[in-house]
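First the structure, in the form of structure tokens, and then the observations on it.
The values are calculated or read from the model by the stated rules, or taken from the named source; none is laboratory data. Given the structure is predicted, the values throughout are model-derived calculations rather than measurements. Every residue, glycine as well, gets a Cβ built from its backbone with ideal geometry; the counts of neighbours run over all protein chains shown.
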Amino acid sequence: MITKSALAHLAKSADSYAYDNETLHIRFRTAKDELEKVVLWIGDPYHWAEGGLDGGNLGGSDAHGWIGGNEISMILEGQSEYHDHWFAEFKPPKRRSRYGFILYGKENEKLLFGEKRCVDIKDPKTAESELSNLSNFFCFPYINPKDVLKTPGWVKETIWYQIFPERFFNGRPDLSPKNVQPWGSKPTVDNFMGGDLWGVIKKLDYLQNLGINGLYFCPIFTANANHKYDTVDYFNVDPHFGGNEAFHALVKEAHRRGMKVMLDAVFNHIGDRSPLWLDVVKNGENSRYADWFWINSFPVYPDRPKSEWDFWNFNYETFGNVIEMPKLNTENEECRQYLLEVARYWVEEFDIDGWRLDVANEVDHEFWRDFRRVVKGIKPDCYILGEIWHEGMAWLRGDQYDSLMNYPLTQAITDYFALDDYDKETFMSAVTRSYLMYPKNVNEAMFNLLESHDTTRLLSLCNGDKRKARLAYLFMFTQVGSPCIYYGGEIGMDGRRGMGKENNRKCMIWDENEQDLNFKSFIHKLIFMRKSHPEWNVPEIHWYHLEHPNVIAYSRGNTDILINNSEQVVTVEFKGNELQLSEYGFYISGIKDNDMF
């Protein structure tokens, strides 16, 4: 029997969206392994039999006589833990559609699933009546080009490299803070090592030789902390990084090498040394900036020792519980226009190629709609990337972000390869879910990562086992979306983060005698293979179901990939051949890891 409670579809969502100006993508969910096939019944809502309503009544009780339906076979796009997920593509001649789903069960069942009800249509007369009743069909009213999410094409071909500027390279020691510590000192919350943008320029040849063509920078604007997420001046690069002069030179040199540049937009909060905030501290509710922040009571700082402050019930809202980062009120029109001017300035004056939006889910949607209008109005192919760690479809409807940092995929990969927290089936379901959560045009522009300034480094999660780290990188590089390397990941840097530990933000190691050059060579070859196989960015994955509990197998386009996530040598049968995989080894379309890597 078909489990009706498992059937699901939501119009105008990741289940139903315009992929481009002519094409609809439709998805449908059923219980796992229950159906023989699913057919999409779809067509123009204004196509009626003679004497019909001809659109005069598109949803009433007498809306019978529709003859616009066409049968489109749906493919099984993927399987998650409990469900099958079906997919079809349709190009409506007039950009409008009504549709439903015809379900064929394994026990000779035939159901019509519509917007209002699910009907047994095994009887031909019932089928004829129900398939002509427009009132029970989902609606995609019209493909309005303005509503279609158009992501920058260049993102699909980008290999990102994330740089934490203060720890990458000290190119101008004369710019370093007075209290700078020797390069390679133990990182803490408040110490400085002297990295700057002139140093990045000096290392662009290194990055280009590695195969990098996209640079993502943690914040570079004037701030107090080493991480620069406590902005003081949004219109100037921190003088310890080289100021606006250095950034101008950096963008010019990066673009000359075919590299894109993406900056970090910290618009959820500001630093407590900002003149804007200091004016509120001084003048309280009489400050012209008082409504730029979420103030619960004045004065903003209690008149008692800081050790007695209640950080859970503070006088103003903050990022997390960090009192040094008061939260901005983007609903205030002056504040809003100020931040939009920041967005405009760096795109227009410095020709940056993208914005990564920090704590993007805590800023109101309408601000991001305005942000998109400003940025895309100046540079239509500027990439807008949201930092959201959870499901984020609400921000991906064509009016806000282009895509997201793909943390659900990050967790699936690290839980399986690094931590052994997932078994094979759980991992495959998690990856499949990451593909099905969003429209395909979103997935094509996803920002895939294994580690960042916010996480423990991959190698530490792997307890130093670089064989596990290799598999994690191999899997990421063969998935839809653009892969990112966090600085030093390519040479095997480690470091844990959390509970006061900052070891994931250690200084970049430049002495080749201390680098893992074999690991670097592996990453370099992955980058080369990624660029040679554009089909690896196709937003669909096909799993092969092998008997072995630790061997996953999947195809990306015409490439077959097998991965042995275990410390034993294993032999598996694949497409009529026996393949031997070394411990934590892999196979790529006939190329064994020992042959190429």
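Residues that are in a loop (DSSP other than H, G, I, E, B), over 41 Å from the mean Cα position of the chain (by Cα) and among the charged types (D, E, K, R) within the stretch 108-140 comprise LYS122, ASP123, listed in sequence order.
Look at the stretch 345-364 and say how many of its residues are under 21 Å from PRO380 (Cβ atoms) and free of Cβ contacts under 8 Å to residues at least 60 places away in the same chain. Qualifying residue count for the region: 3.
In the set (1) farther than 30 Å from MET428 by Cβ; (2) touching a Pro at 6+ places or on another chain (Cβ under 6 Å); (3) not small (Gly, Ala, Ser), ASN332 fails one condition alone, (2).
If I ask for residues that are touching a Pro at 6+ places or on another chain (Cβ under 7 Å) and charged (D, E, K, R), which ones from the stretch 493-528 would you list? If you could, list the steps in order and put the result at the bottom.
So in the stretch 493-528, the residues touching a Pro at 6+ places or on another chain (Cβ under 7 Å) come out as 502-503, 505-506.
Result: GLU502, ARG505, LYS506.
Considering the stretch 385-420, and only residues there that are small (Gly, Ala, Ser) and within 18 Å of VAL155 (Cβ to Cβ), the residue that is surrounded by the most Cβ atoms within 10 Å (Cβ to Cβ) turns out to be SER403.
Residues are listed down the side, and each one gets a yes or a no for (1) closer than 23 Å to GLU245 by Cα; (2) touching an Asp or Glu at 6+ places or on another chain (Cβ under 9 Å):
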| residue | (1), (2) |
| --- | --- |
| VAL347 | yes, yes |
| VAL359 | no, yes |
| VAL375 | yes, no |
| TYR383 | no, yes |
| GLU387 | no, yes |
| ALA394 | no, no |
| ARG397 | no, yes |
| GLN411 | no, no |
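Across the stretch 530-550, the number of residues qualifying as free of Cβ contacts under 8 Å to residues at least 60 places away in the same chain and buried (at least 19 other Cβ atoms within 10 Å of the Cβ) comes to 1. Scanning the stretch 245-302 for residues that are outside any loop (DSSP other than H, G, I, E, B), within 25 Å of LYS156 (Cα to Cα) and among the small types (Gly, Ala, Ser) gives ALA254, ALA265. Note on the stretch 557-587: residues that are touching a helix residue (DSSP H, G or I) at 6+ places or on another chain (Cβ under 9 Å) and surrounded by fewer than 21 Cβ atoms within 10 Å (Cβ to Cβ) total 7. All of (1) closer than 25 Å to MET476 by Cβ; (2) free of Cβ contacts under 8 Å to residues at least 40 places away in the same chain; (3) assigned to a loop (DSSP other than H, G, I, E, B) hold for GLN181 with one exception: (1). Among the residues in the stretch 193-204, are any outside any helix (DSSP H, G or I), crowded, with 20+ Cβ neighbours inside 10 Å, touching a strand residue (DSSP E or B) at 6+ places or on another chain (Cβ under 6 Å) and not aliphatic (A, V, I, L, M)? There is no residue in the stretch 193-204 that is outside any helix (DSSP H, G or I), crowded, with 20+ Cβ neighbours inside 10 Å, touching a strand residue (DSSP E or B) at 6+ places or on another chain (Cβ under 6 Å) and not aliphatic (A, V, I, L, M). Taking the stretch 487-535 as the range and being in contact with a Leu (Cβ under 9 Å, 6 or more places away or on another chain), farther than 18 Å from ILE212 by Cβ and not acidic (Asp, Glu) as the test, the residues that pass are GLY495, ARG496.
Among the strands (runs of 3 or more DSSP E) confined to the stretch 454-569, the ones with at least 1 residues that are farther than 29 Å from LYS260 by Cα, under 25 Å from the mean Cα position of the chain (by Cα) and β-branched (Val, Ile, Thr) are located at 551-556, 559-564.
Quick check on this structure: which one of MET74, MET1 is surrounded by fewer than 13 Cβ atoms within 10 Å (Cβ to Cβ) and either under 28 Å from MET437 (Cα atoms) or at pLDDT 90 or above (or both)?
Working: MET74 fails: surrounded by fewer than 13 Cβ atoms within 10 Å (Cβ to Cβ).
Residue meeting the stated conditions: MET1.
Of all residue pairs spaced 6 or more apart or on separate chains, those with beta-carbon atoms under 7 Å, a first member in the stretch 396-423 that is in contact (Cβ under 8 Å) with a residue 40 or more places away in the chain and a second member that is part of a loop (DSSP other than H, G, I, E, B) and among the hydroxyl-bearing types (Ser, Thr, Tyr) are LEU396/TYR438; ASP402/THR151; SER403/THR151; TYR416/TYR422.
For the stretch 1-25, the set of residues classified as out of contact with any Gly (no Cβ under 7 Å at 6 or more places or on another chain) and within 22 Å of SER429 (Cβ to Cβ) consists of THR3, SER5, ALA6, LEU7, ALA8, HIS9, LEU10, SER13, ALA14, ASP15, HIS25, listed by residue number. Within the stretch 486-508, none of the residues are assigned by TED's automatic domain parsing to the domain that holds ASN209, within 25 Å of GLU425 (Cα to Cα) and not small (Gly, Ala, Ser). Among the residues of the stretch 451-472, is there at least one that is surrounded by 24 or more Cβ atoms within 10 Å (Cβ to Cβ) and β-branched (Val, Ile, Thr)? No, that holds for no residue. Taken over the stretch 95-105, the criterion of being closer than 21 Å to HIS64 by Cα and charged (D, E, K, R) is satisfied by ARG96, ARG98. Being more than 24 Å from PHE247 (Cα to Cα) and assigned by TED's automatic domain parsing to the domain that holds CYS218 is a property that holds for ASP370. Among residues of the stretch 226-243 that are within 18 Å of ASN268 (Cα to Cα) and in the same structural domain as LEU357 (by TED's automatic domain parsing), those with a beta-carbon under 7 Å from a residue that is hydroxyl-bearing (Ser, Thr, Tyr) and outside any helix (DSSP H, G or I) at least six positions away or on a different chain give the pairs THR231/SER274; VAL232/THR222; VAL232/SER274; ASP233/THR222. Taken as a whole, the structure places ASN321 among residues that are out of contact with any Ser or Thr (no Cβ under 9 Å at 6 or more places or on another chain) and either surrounded by fewer than 18 Cβ atoms within 10 Å (Cβ to Cβ) or not hydroxyl-bearing (Ser, Thr, Tyr) (or both). Take the residues in the stretch 421-438 that are in a loop (DSSP other than H, G, I, E, B) and under 12 Å from the mean Cα position of the chain (by Cα); name whichever of them is surrounded by the fewest Cβ atoms within 10 Å (Cβ to Cβ). Per the stated criteria, the residue is MET437.
For the stretch 563-570, the criterion of a residue being modelled with pLDDT under 95, outside the structural domain of ARG27 (by TED's automatic domain parsing) and not basic (Lys, Arg) is satisfied by no position.
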